[in-house]
Amino acid sequence: MNIAFIGGGNMATAIIGGLLQRGWDKAAISAVEILPAAREKLEQSFGIRTHAAVNAGALAVDCIVLAIKPQQMRDVAAQLAPHAAGKLVVSIAAGIRAGDLSRWLGGHTRKIGRAHV
């Protein structure tokens, strides 16, 4: 499974570090981070690919993890909507209801029986 993190802050960094410690292939992990210094830190710390913006190339993945502040979610979801079809979308933002996120993603839903990480 290929994973793209949207946001490269403390939460994303902790999860990425944990995945790599568990043997996850760094080539299967990428991040979209708008701040150049944060992108560089992710690249240097973990050796993962980073992108400056949400685009089709950055989201050629199976799973998108939204690791952004709740107040950014609606705008970011609107940017993701054209790229979300068929992907598992996970939010780690506090206070965001699944129904709202689905609506902001243009009605996106993906049901799975069980996720194995």
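Here are the numbers:
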{"read-out": "Check on A67, touching a Phe, Trp or Tyr at 6+ places or on another chain (Cβ under 8 Å), buried (at least 19 other Cβ atoms within 10 Å of the Cβ), hydrophobic (A, V, I, L, M, F, W, C) and at pLDDT 90 or above", "value": "yes"}
{"read-out": "Qualifying residues in the range 25-53 (those that are among the β-branched types (V, I, T) and open to solvent by less than 30 Å² (accessible area, probe 1.4 Å)) - the one nearest to P82 (Cα to Cα)", "value": "V32"}
{"read-out": "Residue count for the range 73-83, restricted to those that are open to solvent by 50 Å² or more (accessible area, probe 1.4 Å) and hydrophobic (A, V, I, L, M, F, W, C)", "value": "1"}
{"read-out": "Criterion (open to solvent by less than 70 Å² (accessible area, probe 1.4 Å) and small (G, A, S)) met by exactly one of G86, G95", "value": "G86"}
{"read-out": "All positions within the range 1-50 that are of a type in the set (V, I, T) and touching a strand residue (DSSP E or B) at 6+ places or on another chain (Cβ under 8 Å)", "value": "I3, I6, I15, I16, I29, V32, I48, T50"}
{"read-out": "Test result for L101, of a type outside the set (D, E, K, R), touching a His at 6+ places or on another chain (Cβ under 7 Å), surrounded by 12 or more Cβ atoms within 10 Å (Cβ to Cβ) and over 19 Å from T13 (Cβ atoms)", "value": "no"}
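The values are calculated or read from the model by the stated rules, or taken from the named source; none is laboratory data. On a predicted model such as this, the values are computed, not experimentally measured, just so you know. In this analysis, Cβ positions are derived from the backbone assuming ideal geometry, glycine residues included, and neighbour counts consider all displayed protein chains. Ligands, DNA and RNA are excluded from the accessible area calculation, which covers all protein heavy atoms including side chains. Shrake-Rupley method; radii C 1.70, N 1.55, O 1.52, S 1.80 Å.
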